[in-house]
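Novice: Have a look at this one before I ask anything.
The values are calculated or read from the model by the stated rules, or taken from the named source; none is laboratory data. From a predicted model like this one, the values you see are computed outputs, not experimental measurements. Every residue, glycine among them, receives a Cβ derived from its backbone with ideal geometry; neighbour counts consider all protein chains shown. Side chains included, ligands, DNA and RNA excluded: accessible areas come from the protein's heavy atoms. Shrake-Rupley method; radii C 1.70, N 1.55, O 1.52, S 1.80 Å.
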Amino acid sequence: MKNFSKYIQYYKSIAAITLGIMYIAVGIKHFTDPEIFIAITPPFVYFREAAVYFTGIIEIIGGALLLSKKHRRDGGVLIIILLLLVFPANIYLVFSQEAQAVFQGTRSDALIRLPFQIPLIVIAYWHSKKKTSRWIELFCILSFPPTIIYFLTL
């Protein structure tokens with residue numbers, strides 16, 4: 001059982017590093033291609049461009065913190081906050097044809113995207129804790145590969 005626990009920790013580290021790199025890449029995209037993110041920002045958000053840059057910074061910092069074992073807890077918490085902050089944009093994407101056109105997706109694509117926020121939040125929670133229940137570990141281990149594969153296809 002101790003060996004199995006070692007493998008889980010190794011897998012958890014690989015997941016944190018992979019997600020850290022992905023969050024940094026997407027965060028950078030907030031600055032290199034902000035139009036996409038501005039388009040999916042709901043109209044009730046004032047200063048949409050500033051909000052996009054702010055979430056890009058949070059995404060880069062959160063991703064960088066996930067890369068460091070010492071700061072992984074803080075990175076996980078920051079990513080959870082980020083995912084909750086941007087969730088309205090994912091909902092808006094479902095209902096806005098204009099946002100879908102800029103995002104180059106369909107309503108179906110947006111609907112598929114929504115549930116992937118759940119494993120991302122749970123995985124970020126997993127990284128924010130040194131020890132979690134076996135159920136959370138199992139959920140994260142099983143949901144990590146399809147979540148990454150999905151986001152690589154975006």
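Novice: Share of the chain's accessible area from carbon and sulfur, percent, 1.4 Å? The partial results should precede the final answer.
Specialist: Working: 6450 of 9160 Å².
So the carbon and sulfur contribution to the accessible surface is 70 percent.
Novice: Pairs of alpha-carbon atoms within less than 8 angstrom and 6+ residues apart define the contacts here; what relative contact order does the chain have, in percent?
Specialist: Details: 175 pairs, mean separation 35.0, N = 154.
Result for the chain is 23 percent.
Novice: Given the -39500 (n - 2.57) contribution per DSSP H run of 4+ residues, what per-residue ellipticity at 222 nm results for the chain, rounded to the nearest 500 deg cm²/dmol? All intermediate terms of the calculation are to be shown ahead of the outcome.
Specialist: On the way: 8 runs with 126 residues, N = 154.
It comes out at -27000 deg cm²/dmol, rounded to the nearest 500.
Novice: Over the Cα atoms of the range 43-82, what radius of gyration and what Dmax do you get, in Å?
Specialist: 11.9, 38
Novice: Okay, moving on. For the chain, just run the numbers: alpha carbon Rg, then divide by 2.2 N^0.38 Å, N being how many residues it has.
Specialist: On the way: Rg = 15.9 Å, N = 154, 2.2 N^0.38 = 14.9 Å.
That ratio works out to 1.07.
Novice: For the range 47-154, report the accessible area per residue in Å² (1.4 Å probe, heavy atoms, rounded to an integer).
Specialist: Heavy-atom SASA per residue in the range 47-154 reads 58 Å².
Novice: Under 20 Å from the Cα of K130, which aspartates and glutamates turn up, not counting those fewer than eight places away in the same chain?
Specialist: Leaving aside aspartates and glutamates fewer than 8 places away in the same chain, those within reach of K130 are D74.
Novice: Using only Cα atoms, find the angle between the long axis of helix 134-152 and the longest principal axis of the chain, and express it within 0 to 90 degrees, rounded to the nearest 10.
Specialist: Tilt of helix 134-152: around 40 degrees.
Novice: Rounded to the nearest 0.05, what FRET efficiency do K6 and D74 have when you use their Cβ-Cβ distance and R0 = 25 Å?
Specialist: On the way: r = 24 Å, r/R0 = 0.96.
It comes out at approximately 0.55.
Novice: Would you list which lysines come within 23 Å of K129, measuring only between C-alpha atoms, while excluding same-chain residues fewer than 8 positions from it?
Specialist: The reachable lysines, counting only those whose Cα sits under 23 Å from K129, are K2, K6, K12, K69, K70.
Novice: Under a crude label model (7 Å from the Cα following the beta-carbon direction), how far is I136 from Y150 in nanometres?
Specialist: 2.0 nm
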